[in-house]
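For reference, the structure discussed in these notes is given below.
The values are calculated or read from the model by the stated rules, or taken from the named source; none is laboratory data. Bear in mind the structure is a predicted one, so any value in this text is a computation, not a measurement. Don't worry about glycine lacking a Cβ; one is built from the backbone with ideal geometry, like all the others, and counts go over all protein chains shown. Ligands, DNA and RNA are excluded from the accessible area calculation, which covers all protein heavy atoms including side chains. Shrake-Rupley method; radii C 1.70, N 1.55, O 1.52, S 1.80 Å.
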Amino acid sequence: MISAIVPFRNWSLERLEVCIGSLRDLPAISEIILVDFGSSEPLAPVPGCRVVRVEADRWCLSEANNIGIAEATNDVILKIDADVRLLVPDDTLRQLAQTVADGDVAFYVLQATDFQFQNGRPSRKRLRANWGEGCCNLFSRADVIEIGGFDTRFFDYGGEDNDLCQRLRRYGKRVEIYLSDKVMHERHPPSEPQASGRFTDSHKKTLLADCSIFRPQPFRYSDYLDEGVFGPAITVAIATIDRPNRAEHLAYCLNGLAQQTFKSFEVLICENGSPKAARLKEAALRKSFPTLDIHLHELDDPSIPKARNLITDRARGFYIAIHDDDDFSVPTRFEEQMACMAAEDGAHGCHSSWVEFDEESGRLTSFLGQARDINQLLRRRGKVTLHSSGFYRLDVLGRVRYDETMTLGSDYDLNIRMLLAGYEIPHTGKFHCLRRCHDSSVSKHGVITQREVSDRTNGAYKYFLGEPFLAAVRAEAEEGLWVTGFPTMREMLAFLPTGFGAFHIDLDLEAALILGCDPIFGATGEGRHCTVEGLDFLPASQGYGNNTRLVMRARQALTAGETLEKLPAFSGLPGVSVVSASELEAHSSLQSLDGLRVERGQRRVISRCYADMTEALSALPASVLSFGLEEIEFFAVNHPEPGVHVLLGAFETVADLNYALGVANAGTVGDFFAVTNKGKRGGFNGT
């Protein structure tokens, strides 16, 4: 009925026999497992016990406990330290074990009494605290395995028991104290010198502040071979169906998973109604991605919610990471989502920001997302969250399941029901996913249908929730969101498919001059253009309005992979950046001279709008250079026509303004003029 586990290292057999003898007197204990955690001299066989020997350079009580849990064959476990005598009556122990077996209590702390020998006789010292000190515990093997066992970051004595009790309570499990004076703990000198790196109180406090429930590394210091008793931290849920380019898209997806910095996860893929001849083969997937723990399941009839529910039912992870078969997760996704769960007390999941990349247009669009609350979902239309960035506790998805009656929109419906059920799904404050937009995606084929479904879902919930609830929602202030870690375009290249998009390499003025490209005076023999690493660089503007910068831009448009191949040649240079051709062709907002700001009492000298930077520099009189390069600025616009203006300083007197205009227009036909705020023409005194 009960498996007793006794962890130890370098313990005397005489003292160990005292503990074992008290266990042999209890018929309820059908199995005694002695975990020898790297003792300098291996323990000899002990009658009536099973010795599990592992090699380890240091002591870790948590890991020794986990080894005993993994080796146990009963559903109820008694964990007892080697310096404890258990004198509880057998019938009492059976009653406690039955309560655990029935699921009424997950964990019993058997209160201990400290004693020590004085003059050869035991002398009672004191009752131990009853809030979780764990020299003797009775618990459910399944419940402790489900949350990852004892935390092996507690590598010394103390703290691991309180941490486990906290996590079980946080998970909704019942922890009880059995008050007794029949659990005797002998006080004694240390069995061996303290290992280096002794556990400190501040270390314990830091770990006890971890708000998560699951611990992902049950075996950290020993050579114990995990046979899969403890499941992975995460199950990655992927529903897929045969379509054009699926093999390429899925390989891109799985390559992203293979690069994750957090490794404790499995990948469950559900063939969602693909024709039998086109279905994936698990052996082939495992061969192509040997570092991933891939498992394949099948549905004959396509249904996204059924596929996701099937994965939930088969998952072994404590968390489920939703993932589309054509999306990409950045390498730090799981690590940072696990960190979010550790930091957010009471969180049942989390979600993240994302970037969409469109295969047809080559456009990249970033989305911060919003806080996941009912206010945002019912008030806003789309772009609050990306479902494939979702990261949820398995038990939550087991209770709030996908609605299998829905063809589309089951993820949106799930989000609303999670929030109405009171589940907390915070935003990580990080960017984690790249979402692919392509012709064969569900969102492109059914974009109108999906919008109609979400509108109908919103309407139904608003109707049933009633006006008082909706009025309260509208009255709530919108929650702001602070997101960090968005990659630059140059960093994004490593995440994009190699054949995606069209990109140009930009060199700022300093980098260009180092390479011999002079956009102002021209490079020797080449005018204002030059060739570097087979790329032709021409003057161009980067940014718009007051943020406009003069750069040298590669004329050739390169794919993401080609750009990555070229960039190492420019390593070590300052001011090397990458810009997307689609962004250059269609900026997200109108930029005009209305954005020009001129301080009160000042005037600025500005040129007419030139078609591009090359024309602007060609028209720039040599006399203008007398102002100094630091006084020459540029102001790019895309409205009413695209182009670039040249700006020359700010002036506070009529004399200075007239002098600047005279110099700027020397040899020209009046390309430069004075302006006030928002680019309105006019000098001082209305001139």
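Quick notes on this structure:
- Dipole orientation for the chain: of the candidates V637, A586, A209, A209 has the Cα lying most toward the positive pole (charges on Cβ; Lys, Arg +1; Asp, Glu -1).
- For the chain, accessible area per residue (1.4 Å probe, heavy atoms of protein chains only), Å²: 45 Å²
- Theoretical FRET efficiency, 1/(1+(r/R0)^6), r = Cβ-Cβ of D104 and E631, R0 56 Å, to 0.05: 0.10
- Heavy atoms of E424 accessible to a 1.4 Å probe, total area in Å² rounded to 10: 110 Å²
- Total charge dipole magnitude, the stretch 241-372, about the Cα centre, Cβ charges on Lys, Arg, Asp, Glu only, Debye to nearest 20: 380 debye
- Projected label distance in nm at T261 and T73, using a 7 Å step from Cα toward the beta-carbon: 4.4 nm
- Sorting the segments 62-68, 223-229 by their mean number of nearby beta carbons within 10 angstrom, highest to lowest, gives 62-68, 223-229.
- Y659 sits with roughly 150 Å² accessible to a 1.4 Å probe, with DNA, RNA and ligands left out of the calculation.
- Magnitude of the charge dipole for the chain, about its Cα centre and with charges confined to Cβ atoms of Lys, Arg (+1) and Asp, Glu (-1), is about 1160 debye.
- FRET efficiency for the pair A581 and E55, taken as 1/(1 + (r/R0)^6) with r the Cβ-Cβ distance and R0 = 60 Å, rounds to 0.55.
- If only the Cβ of Lys and Arg carry +1 and only the Cβ of Asp and Glu carry -1, the dipole of the stretch 548-657 around its Cα centre is close to 60 debye.
- Packing rank of 78-90, 319-331, where each peptide gets the mean count of other beta carbons within 10 Å, highest leading: 319-331, 78-90
- Label-point separation in nm, D91 to C437, each point 7 Å along Cα→Cβ: 7.4 nm
- Nearest-0.05 FRET efficiency for D313 and V18, computed from C-beta distance (R0 60 Å): 0.80
- Separation between Cα centres of the stretch 396-414 and the stretch 13-72, rounded to whole Å: 47 Å
- Stretch gain in nm, segment S288-H387, where the contour uses 0.36 nm per residue and the Cα spacing is subtracted: 32.9 nm
- Options (1) 37; (2) 31; (3) 24 - which one matches percent of Cα pairs over 49 Å apart as calculated here: (1)
- Centroid-to-centroid, using Cα positions, the stretch 245-303 and the stretch 93-114 are 43 Å apart.
- Label-point separation in nm, A278 to L179, each point 7 Å along Cα→Cβ: 6.8 nm
- Each residue was assigned an accessible area with a 1.4 Å probe, and for D594 the value is about 100 Å².
- At full extension, R401 and R600 could sit 65.5 nm farther apart than now, given 0.36 nm per residue minus the alpha carbon distance.
- Rounded to the nearest 500, the helix-only mean residue ellipticity at 222 nm of the chain stands at -8000 deg cm²/dmol, with each DSSP H run of n ≥ 4 adding -39,500 (n - 2.57).
- Only one residue of P275, F431, H295 has its Cα farthest out toward the positive end of the dipole of the chain, where Lys and Arg carry +1 and Asp and Glu -1 on Cβ, and that residue is F431.
- Charge dipole (the chain, unit charges on Cβ, about Cα centre) - positive-most of G545, A142, S361: A142
- The slack in the chain from L573 to D25, taken as 0.36 nm per residue of separation less the alpha-carbon distance, amounts to 189.7 nm.
- Amide H to amide H, with H built 1.01 Å from N, N74 comes under 5 Å of S3, counting only residues 5 or more places away or on other chains.
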